[in-house]
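Structure, as structure tokens:
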Amino acid sequence: MFDNLSERLGNTIKNLRGQGRLSEENIKDTLREVRMALLEADVALPVVKQLVDSVREKAMGQEVIGSLSPGQAFIKVVNDELVAVMGDNAEPLNLATQPPAVILMAGLQGAGKTTTVGKLARFLKEREKKKVMVVSCDVYRPAAIKQLETLAESVDAIFFESSTNQSPVDIAKAALNAARKQMVDVLLVDTAGRLAIDEEMMAEIKQLHAAIKPVETLFVVDSMTGQDAANTAKAFGEALPLTGVVLTKTDGDARGGAALSVRVITGKPIKFMGAGEKTDALETFHPERVASRILGMGDVVSLVEEVTAKVDHDKAEKFANKMKKGKTFDMNDLKDQLEQVANMGGMASMMDKMPGMGNVPDAVKNKMDDKQFVHMIALVNSMTPQERKYPAILKGSRKKRIAAGAGLQVQDLNRLLKQHQQMARTMKKLSKGGMAKMMRAMKGQMPPGGMGGMGGGMGGMGMK
């Protein structure tokens, strides 16, 4: 998300280098580029005007303090205004009510409501330690009810059964009664979507809202629809007392216009953003962290939180102890590390949060394909226990058998073995207390502004 916007803004900042002070003359062209970057990112016109005007007012004539260059000073101003546009601070769900806290999900068909219900159920169970029940009031699509049942089972939430011959209001009331009896903390209510906003749909969801009086009414919107997402959210907001917005499919949106438009146009905070189909692909929306991503400064805080939440700490502990004892980094260790990265959303998700990734060439980024992880894991799975432990024994006939077993070529296996050797050498250095020396060496190899070479650093993902 935000790839295009990050690239354009990054290029405009370069134009200010070497200037001693921000002035109307040297900032005019930069602001024009910022405006164009925002419009190309499909940010709504009123939001573009508001943001550019604020940046101009605050940046004009600002002295460059200390070692800050005009470019860096300008980035600070842009960063602060991006945060202000998106809502200053993260706004958590309001669950301070007599249980069960009811959360009503609204949105158009195809926006990802049902998937988001599953993700939110998992989020509330794992992060907030809540007992969660889910129910589908989509009586028009039997598949939606079945989909929610499957999701509930996968995240270990209570599923309240419903059928297409019931009315949505009756379903919601029955679910609420059941939630009370079962001492449920949070009841998530999925609703029917339509292909477009219509009166019948709005009337139905208004009745639902009146019947169950939710503490949170979240509008789920596909971020790839750009400023249309903000306009649709506004229409729903006029019919329902929305308390927040969930942006979905952010992994497929390279522009990011919806994230910058929704808050201003609706007046409602973005509470979550979803990326991908996996049930753990939901994160709290932090405006300051998202602004950092947009400006290519990464989001290390979210990355650390993700690692903390998703890494298998028992495996990480065993791996760290193994390396401390100077034992060999074998193919089983490599497989564990690859699976840890995949569990955190893959390389694309992690790279999005790393500082300086805007300076890494597209050719390098494109090589960080999660399909490669799948292939590498398949190759290790195709090995015998002995081969995993002693990869040096892999010669011609063994290599052919392993590659064929994984449905790949021998050169793919050779590439994996070379990467394993590089990582094994890195682990050996770490086990001898060479972390500081290695970090200095890595810093010298990195491109200006951040992390470029990921290959050698991947092995330490699970280490403490």
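The values are calculated or read from the model by the stated rules, or taken from the named source; none is laboratory data. Given the structure is predicted, the values throughout are model-derived calculations rather than measurements. Note that each Cβ is placed from the backbone with ideal geometry, even for glycine, and that neighbours are counted across all protein chains shown.
Looking at segment 1-60, the helices (runs of 4 or more DSSP H) lying wholly inside it that each contain 1 or more residues that are at pLDDT below 65 sit at 3-14.
Applying the set (1) in a loop (DSSP other than H, G, I, E, B); (2) within 19 Å of GLY274 (Cβ to Cβ) to ILE103 leaves exactly one unmet item: (1).
Taking segment 131-148 as the range and being in a loop (DSSP other than H, G, I, E, B), out of contact with any strand residue (DSSP E or B) (no Cβ under 9 Å at 6 or more places or on another chain) and either not hydroxyl-bearing (Ser, Thr, Tyr) or not assigned by TED's automatic domain parsing to the domain that holds MET201 (or both) as the test, the residues that pass are VAL139, ARG141. Of all residues in segment 380-411, exactly one satisfies the criterion of being among the charged types (D, E, K, R), modelled with pLDDT under 90 and either farther than 15 Å from ASP333 by Cα or not assigned by TED's automatic domain parsing to the domain that holds ASP330 (or both), namely LYS395. Only one of the numbered conditions (1) surrounded by 19 or more Cβ atoms within 10 Å (Cβ to Cβ); (2) modelled with pLDDT of 80 or more; (3) under 16 Å from GLY107 (Cα atoms) is violated by GLU238, and that is (1). A count restricted to segment 149-184 and to residues that are buried (at least 22 other Cβ atoms within 10 Å of the Cβ) and in a strand (DSSP E or B) stands at 1.
Screening the candidates ARG180, ARG141 for the property of being at pLDDT below 90 and not small (Gly, Ala, Ser) yields one hit, ARG141. Filtering segment 185-195 to residues that are part of a loop (DSSP other than H, G, I, E, B), touching a Lys or Arg at 6+ places or on another chain (Cβ under 9 Å) and not small (Gly, Ala, Ser) leaves ASP185, THR191. When segment 70-111 is filtered for residues that are among the small types (Gly, Ala, Ser) and under 22 Å from GLN182 (Cα atoms), the ones remaining, listed by number, are ALA96, ALA101. Can you name the residue in segment 220-235 that is surrounded by 24 or more Cβ atoms within 10 Å (Cβ to Cβ) and at pLDDT 75 or above and, of all such residues, is farthest from the chain's Cα centre (by Cα)? If we take residues in segment 220-235 being surrounded by 24 or more Cβ atoms within 10 Å (Cβ to Cβ) and at pLDDT 75 or above, then ALA233 is farthest from the chain's Cα centre (by Cα). In a residue-by-residue description of segment 313-332, the property of being closer than 30 Å to PRO385 by Cα, hydrophobic (A, V, I, L, M, F, W, C), modelled with pLDDT under 80 and in contact with a Leu (Cβ under 9 Å, 6 or more places away or on another chain) applies to at least one position. Under 8 Å between Cβ atoms, at least 6 apart or on separate chains: pull out the pairs that start in segment 152-177 with a residue that is over 27 Å from LEU282 (Cα atoms) and end on any residue that is of a type in the set (Val, Ile, Thr) and in a helix (DSSP H, G or I). Every condition considered, the pairs that remain are SER163/ILE145; THR164/ILE145; LYS173/ILE212.
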